[in-house]
Amino acid sequence: MFTSIHWHCYMRVRDRRKAERLVDRMRNLLGDPMEIESYGRYWKIPELAEVRLSSPLNQDNAAEALLNTLEAAWKLARGWRMIDADARRFEFEGIAAATTGAQFIVPGVEWIAFLITDDSAGSS
């Protein structure tokens, strides 16, 4: 079961309140709840905040889970790159980065990745 989409973002914001505003805009684009799991300054580039989020997925079928995730990702950015998946765990990951030409729908987001994993894989 793919229960959640896990998002990892870097945002150009001054404080948590501004990051929450960007997350609200992302949530509105998705039309689904999106919860902040963590917030902090990015150690490598202090002007950026590192924000981890999750949104519900609740799909049993891997193909449907990936399709729904890609549809959600497309609402947030253009120019996604898929990362090699772990076929044993039915894990899929994608990244959109301003440095590689991705275009973000919400200004202030500079990098975003998603990860979905079949929570039931390997638990026989």
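The values are calculated or read from the model by the stated rules, or taken from the named source; none is laboratory data. On a predicted model such as this, the values are computed, not experimentally measured, just so you know. Positions of Cβ are backbone-derived with ideal geometry, glycine not excepted, and every protein chain shown enters the neighbour counts. Quick note on the areas: whole protein, heavy atoms, side chains included, nothing else; ligands and nucleic acids left out. Shrake-Rupley method; radii C 1.70, N 1.55, O 1.52, S 1.80 Å.
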Checklist entry - Only one of (1) open to solvent by 70 Å² or more (accessible area, probe 1.4 Å); (2) in contact with a strand residue (DSSP E or B) (Cβ under 9 Å, 6 or more places away or on another chain); (3) modelled with pLDDT of 95 or more fails for Arg21. Which number is that? => result (2)
Next on the checklist: Name the residue that is least open to solvent (accessible area, probe 1.4 Å), counting only residues in segment 32-42 that are modelled with pLDDT of 95 or more and not β-branched (Val, Ile, Thr).
Outcome noted: Met34
Item to check | Positions within segment 99-124 being open to solvent by 50 Å² or more (accessible area, probe 1.4 Å) and either modelled with pLDDT under 95 or over 14 Å from the mean Cα position of the chain (by Cα) (or both), in sequence order | outcome: Thr99, Thr100, Gly101, Gln103, Pro107, Asp119, Ser120, Gly122, Ser123, Ser124
Checklist outcome for this item: Quick count over segment 4-43, residues being within 14 Å of the chain's Cα centre (by Cα) and in contact (Cβ under 8 Å) with a residue 40 or more places away in the chain, is 14
Checklist outcome for this item: Scanning segment 58-87 for residues that are free of Cβ contacts under 8 Å to residues at least 40 places away in the same chain, assigned to a strand (DSSP E or B) and not β-branched (Val, Ile, Thr), the one surrounded by the most Cβ atoms within 10 Å (Cβ to Cβ) turns out to be Ala77
